[in-house]
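Coordinate-derived values only; no laboratory data. Quantities reported herein were computed from a predicted structural model and do not represent experimental measurements. Counting neighbours? That spans all protein chains shown, and the Cβs are built from the backbone with ideal geometry, glycine included.
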Amino acid sequence: MFNVVVLISGNGSNLQALIDESEKEGASFRITHVISDKATAYGLERASNYSIPTSFVNRKDFSSREEFDEAIYQIINNLNPDLVCLAGFMRLLSASFVTKLEGKLINIHPSILPAFKGTNSIAQALNEQVKFTGCTVHFVIPEMDAGPIIIQSAVPVLSSDSLEGLEEKIHKIEHKIYPLAVRLFAEKRIKVNGDNVQVDYKPENNNGGYLISC
Ligand code: GRF
């Protein structure tokens, strides 16, 4: 079985989408562990609901970011997963951590990268009055919100959209493309050659107001 470890800091709705996919009959992956840097992250509860083991790693227990990252890395290394998914993990990971997991570490970001990196990406999109925004699943490299893009999905931004409304639309498509990306990964349908990512998947053209492309 293809084993996945998920890192979270909060609500964990993307974790839930991954769990739901992994619970389907004939699923191609399973989630073996969830790691959080927040003791109160709701995602930890979501994992426990499915008897998925969890770890809380407290940044305050470490004098440097590198030591904190190393503690997380040691947990991951002992589990030896096939893939590590950042799903709302709100910390920048050090270059050595990222390098050690190169090609096995992916993230979901709520914008069409390279637009609107960093936090508040959805508010940034609204402020810029773009006509489309969306989300991106990408490989993680030491630079924040960068790295080879695996799959993206777009939604229209309407002048009537509130921040909450747009957030909701984006979360909805995140919950489609993250499980899809992990499934394709597990099925060996994602091939990487440097910055070029080849994905063996024929995206739906337009389905209920969103577009998927990879
Ligand atoms: C998502 O919007 C994701 O793109 C970003 O953080 C948010 C996490 O939400 N990286 P959740 O915890 O999965 O609900």
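So which residue, out of TYR201, TYR42, TYR50, gets the largest mean-square fluctuation from a GNM of the chain using Cα contacts under 10 Å as springs? The residue that fluctuates most here is TYR50.
Checking the a/c ratio against 1.5 first, then a/b against b/c, what shape does the Cα gyration tensor give for the stretch 31-93? Oblate, because a/c is 1.5 or more while a/b does not exceed b/c.
Each Lys and Arg Cβ is given +1 and each Asp and Glu Cβ -1; about its Cα centre, the chain then shows a dipole of about 240 debye. Between the stretch 159-209 and the stretch 18-97, the alpha-carbon centres lie 21 Å apart. Need one number: % antiparallel among DSSP beta bridges in the chain, to the nearest 5. Of the beta bridges lying entirely in the chain, close to 55 percent run antiparallel. With a simple spin-label model that places each label point 7 Å from the Cα along the Cα-to-Cβ direction, the separation between MET1 and LYS188 comes to 2.0 nm.
Highest mean first, the peptides 85-92, 134-141 sorted by other C-beta atoms within 10 Å per residue fall in the order 134-141, 85-92. Applying a DSSP loop filter and a limit of 16 other Cβ atoms within 10 Å to the GluC sites (Glu not before Pro) in the stretch 143-185 leaves GLU143.
Can you give the local net charge around PHE2? Use residues other than it whose beta-carbon is closer than 13 angstrom to its beta-carbon, Lys and Arg +1, Asp and Glu -1. It would help to have the intermediate numbers written out before the result.
Numbers: positive: ARG30, LYS104, ARG183, LYS188, ARG189; negative: GLU21, ASP82, GLU187.
Taking every other residue near PHE2 into account, the sum is +2.
Taking every alpha-carbon pair under 8 Å whose residues sit at least 6 apart, the stretch 48-140 reaches a relative contact order of 24 percent.
When peptides 16-28, 104-116 are ranked by their average number of other Cβ atoms within 10 Å per residue, the highest-first order is 104-116, 16-28. Put in line by how crowded their Cβ is, counting other Cβ atoms within 10 Å and starting with the fewest, VAL192, VAL157 read VAL192, VAL157.
Kindly flag which residue pairs out of LYS24/LYS202; LYS104/LYS172; LYS60/LYS100; LYS38/LYS60; LYS24/LYS169 have an alpha-carbon separation exceeding 19 Å in this structure. Walk me through the numbers on the way to the answer.
Numbers: LYS24/LYS202 21 Å; LYS104/LYS172 25 Å; LYS60/LYS100 23 Å; LYS38/LYS60 11 Å; LYS24/LYS169 24 Å.
Distance filter (> 19 Å) returns LYS24/LYS202; LYS104/LYS172; LYS60/LYS100; LYS24/LYS169.
Working from Cα pairs under 8 Å separated by at least six residues, relative contact order for the chain is 18 percent.
Classify the stretch 141-205 from the C-alpha gyration tensor, please: rounded if a/c falls under 1.5, else prolate or oblate depending on whether a/b exceeds b/c. Prolate is the answer for the stretch 141-205, as a/c is 1.5 or above and a/b outweighs b/c. In angstrom, the C-alpha Rg and Dmax of the stretch 25-132 are 16.0, 46. Its convex hull of Cα atoms gives the chain a direction-averaged projected area, equal to a quarter of the hull surface, of 11.8 nm².
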